[in-house]
Every structure is written in C-alpha cells, then in structure tokens.
Amino acid sequence: MNGPPDATVRDVVIIGSGIAGLSAAVYAARADLEPLVLEGPEPGGQLTLTTDIENYLGFPDGIGGMELIENGKEQAERFGAEFTHGTVENATLAERPFELELSDGETLRTRTLIVASGASARWIGADGEDELMGYGLSTCATCDGAFHRGDDVLVIGGGDSAMEEALFLAKFADNVTIVHRREELRASEIMAARARDHDAIEFRWNTELEALHGSREEGVTGATLVSHPDGHPSDKADPDDDIVRETVDVGGVFYAIGHTPNTEFLAGTDVERDERGYLRPRSDAAGRPTTETQVAGVFAAGDGADPRYRQAITAAGTGSMAALDTEAYLETLDQTDAATVEGSL
Ligand SMILES: Cc1cc2nc3c(=O)[nH]c(=O)nc-3n(C[C@H](O)[C@H](O)[C@H](O)COP(=O)(O)OP(=O)(O)OC[C@H]3O[C@@H](n4cnc5c(N)ncnc54)[C@H](O)[C@@H]3O)c2cc1C
C-alpha cells in the first residue's frame with residue numbers, strides 16, 4: 001500500500017562534486033529536487049588540481065580551477081543543494097528506493113541517482129609529482145598544451161593517447177620527447193607513424209620517468225629519466241645493472257598512461273560499463289543519446305561516461321543533461337505513483 005513519502009528517501013543523490021556533479025546540482029536544485037551531493041575522496045574533483053583554466057567559456061582571462069569549483073558549489077548551495085563528505089562503496093539498484101553504502105558505514109536511500117564520479121588519470125609515482133601536478137605536470141595536453149609555447153616537454157606513455165598528446169603538444173612546444181618504457185609502442189600503426197614522422201617529436205625507448213624537478217613557483221624545470229637496454233628499468237632487480245640515469249631540462253611533463261573511471265562501486269549492478277569501466281548511457285527510442293543508464297532512474301554524467309573528450313565544459317554539459325533527465329524521470333514516476341494510488345482507492 002502507498003503511504004506518505006518516506007522522509008529518509010532522497011529524490012536525487014549526486015555522486016561526485018567535480019564540475020559534472022556541480023552542474024547537475026545547480027540544475028536539480030533549481031528544479032526544487034533538493035539534491036544531496038556526495039563529495040567523495042576528492043572534493044571538487046580534478047579541477048582542484050590545476051591552476052589556470054583558459055578554455056572554459058565565459059572567463060576571457062581564464063579562471064583558477066579551485067575558484068571555478070568554489071563558485072559552482074556556492075551557486076548550487078544558493079538553490080538548495082546539500083553537500084556532504086561521503087564515498088560510495090557499494091550500490092544496490094535492484095530494488096527501489098536505491099541504496100548506497102558509504103565508506104563510513106552510513107546507508108543512503110534515494111529514488112534517483114546521478115553518477116558523476118569522474119575518471120582519474122593514472123599517475124606514475126615519480127618523485128615530485130604530488131607537488132608539481134598542475135604546475136607544469138599535467139594529464140591533459142588539450143587543457144595545458146598552450147602554456148608550453150617554445151618549451152621542451154616530455155610525454156610519458158606508449159599508446160594512442162600518448163601519440164595524440166604528443167602531436168597536439170608539437171603545435172606549441174619546440175620539442176616533444178615521448179618516453180616509453182619498452183622498445184615497442186602499444187599505439188596503432190597509423191598514430192605511431194604520425195608521431196614518428198613529425199619533425200618536433202622524438203622517442204626515448206626503454207626509459208622511465210623517475211623524478212620531476214622544479215617548484216610550484218617556477219613550475220617543472222627538469223626530469224630524471226632512467227633507461228635500461230631491456231626496458232622496464234624500474235623492475236630491474238640490480239639497480240646498477242646497465243641502468244643509465246640522466247637529468248634533462250624540460251618545461252613540462254604530460255602523463256598519458258590512461259584513465260581509470262571511478263565506477264567500481266557499480267560492479268554487480270545492471271549499469272553497463274565498458275571493458276575499462278566507463279559508463280555507457282543508453283539511447284532513447286529514436287536513437288538519440290541520453291544520460292540514462294540501463295537501470296531506470298540512474299543517470300551518468302562527466303568523465304566517468306566519457307572516454308573521449310574529458311573536458312570541464314563537456315563534463316558540465318552532461319551534468320546539466322543528467323539533471324534534466326532526472327527531473328523528467330521523477331515526474332513520470334510521480335504520475336505513475338499517483339495513478340497507482342488512485343487505482344487502489
Ligand atoms: C591537472 C589537470 C588539469 C586540467 N585542466 C583542464 C582545463 O584546463 N580545461 C578543461 O576543460 N579540463 C581540464 N582538465 C580536465 C577536467 O578536470 C575534467 O574533465 C573534469 O574535472 C571532469 O569532471 P567530472 O566532474 O566528470 O569528474 P572529476 O572532476 O574527476 O570529479 C569526480 C568527483 O567524483 C568523486 N568521486 C569519485 N568516486 C566517488 C565515490 N565512490 N563516491 C563518491 N564520490 C566519488 C570525487 O571525489 C570527485 O569529487 C584537467 C584535468 C587535470 C587532472
């Protein structure tokens with residue numbers, strides 16, 4: 001029997017407080033849905049790692065990553081969005097309302113869910129990377145390439161994305177060196193050939209990045225590279241065994257060793273993820289893309305559903321789409337509930 005609505009059940013919970021989650025929160029809050037935003041392990045998301053953002057529309061002089069995020073949070077709160085620390089460990093979506101288990105043991109119940117948990121770029125573990133990420137060390141050439149006009153830069157990786165990043169950077173940098181730990185690339189032949197044929201791109205084979213040099217004031221100024229004739233130098237048992245260590249002067253370093261979507265908590269649900277873990281929202285009956293996943297009432301936004309563009313503006317865009325889709329879904333649900341109550345009277 002249908003009773004009064006359960007006050008402990010939220011209309012919408014948004015997982016993630018990056019720009020996609022914030023954009024969803026603004027739209028959902030303005031639609032009076034009183035969204036709860038779970039901030040997760042990285043409140044504010046990836047943009048908090050970077051200094052200047054020059055490609056986000058509306059800021060002709062650029063804007064700091066932290067400032068953009070703080071503004072977005074303030075904007076969402078103004079319309080009634082609530083923020084809380086909380087990381088989802090497990091989601092039960094087979095029954096309604098949905099249940100989310102958080103890492104602190106709390107359980108949340110919600111009628112709809114917007115998953116905006118992002119995709120984290122893989123880091124290498126080189127010395128200095130914690131300090132210099134966003135200060136000359138980057139995981140996004142499209143975002144930060146233009147800061148490196150006339151520099152020598154390194155790209156770390158050997159797959160298609162490393163080739164793409166290198167080719168993009170070669171528009172700005174004087175010299176781009178692709179550092180790869182083996183002697184063969186994983187990249188497709190066509191991408192590898194484009195990089196090999198480019199005058200400003202060279203390769204360092206069987207080489208790994210060991211340390212970054214510089215400071216937050218100066219940015220990256222250099223890097224220590226280690227090489228071994230058989231490749232994978234850091235795996236060699238005897239560090240003196242043919243290891244060559246060299247420090248090079250560079251003005252920027254770009255990691256291009258892949259991203260890991262933060263969607264593991266959806267394993268075991270009916271929400272479809274690709275082989276890398278990216279969410280795959282479905283199309284509507286007319287074949288147009290939506291943000292709804294394979295579980296009705298669960299929507300996807302931001303980098304966690306986007307292996308391709310991974311930009312602040314695209315993440316914000318899909319955040320707003322997910323909130324609009326959520327609003328429409330809740331309206332249908334409310335109409336169905338009302339019809340059921342009427343039918344049972
Ligand atoms: C150094 C750097 C510089 C960049 N510069 C630019 C730039 O100049 N321009 C540009 O357009 N883009 C830039 N980007 C890319 C941009 O940051 C991303 O495209 C954007 O942040 C994606 O937003 P998102 O909300 O999808 O994910 P994210 O920003 O990754 O946010 C994910 C959120 O989900 C939360 N979360 C994760 N797992 C869970 C969980 N289990 N439970 C609860 N919450 C969870 C996290 O805490 C975080 O709040 C840059 C990225 C980096 C790393």
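A short reminder: the numbers here are calculations on the coordinates, not readings from a lab. Every value quoted in this text rests on a predicted model; they were computed, and no experiment measured them. Every residue, glycine among them, receives a Cβ derived from its backbone with ideal geometry; neighbour counts consider all protein chains shown.
Relative contact order of segment 129-255, taken over Cα pairs closer than 8 Å and 6 or more residues apart, is 30 percent. Below 8 Å between Cα atoms, with a sequence gap of 6+, how large is the relative contact order for the chain in percent? Averaging sequence separation for qualifying contacts and normalising by length gives 19 percent for the chain. Go ahead and run the numbers for FRET between Arg96 and Glu74, Cβ-Cβ distance against an R0 of 35 Å, rounding to 0.05. Calculated transfer efficiency: 0.60. According to the square roots a ≥ b ≥ c of the eigenvalues of the Cα gyration tensor, what is the shape class of segment 163-231, taking rounded for a/c under 1.5, prolate for a/b larger than b/c otherwise, and oblate for the remainder? It is oblate, given that a/c is not under 1.5 and a/b is not larger than b/c. Shown for the chain are the DSSP H helices of 27 Å or more along their axis, judged by Cα atoms, with a mean Kyte-Doolittle hydropathy of at least -1.0: 312-344. The label point for Glu264 and the one for Asp284, both projected 7 Å from the Cα toward the Cβ, are 3.6 nm apart. Each residue of segment 272-278 was assigned a 3J(HN,Hα) from its phi angle through the Karplus expression (A = 6.51, B = -1.76, C = 1.60, θ = phi - 60°), giving 7, 10, 7, 5, 8, x, 6 Hz with x at Gly and Pro. The GNM of the chain, with springs linking C-alpha atoms under 10 angstrom apart, assigns the highest mean-square fluctuation among Ile257, Ile19, Ile190 to Ile190. Extension gain for Glu217 to Arg276 (0.36 nm times residue separation, less C-alpha to C-alpha distance): 17.6 nm.
Sort Ile124, Ile313 so that the residue with the fewest other Cβ atoms within 10 Å of its own Cβ comes first and the one with the most comes last. Present the calculation step by step, with values, prior to reporting the outcome.
Values: Ile124 18, Ile313 14.
Going from least to most buried by this count: Ile313, Ile124.
Relative to the Cα centre, the charge distribution of segment 129-255, modelled as +1 at Lys and Arg Cβ and -1 at Asp and Glu Cβ, gives a dipole magnitude of about 420 debye.
Overall shape: oblate for segment 129-255, with the ratio a/c of the largest to smallest alpha carbon gyration tensor axis at 1.5 or above and b/c at least equal to a/b. Compared with the direct C-alpha span, the chain from Gln335 to Asn55 gains 96.6 nm at full extension, assuming 0.36 nm per residue. Among Leu49, Leu333, Leu93, the largest mean-square fluctuation in a Gaussian network model of the chain, built with springs joining Cα atoms closer than 10 Å, belongs to Leu333.
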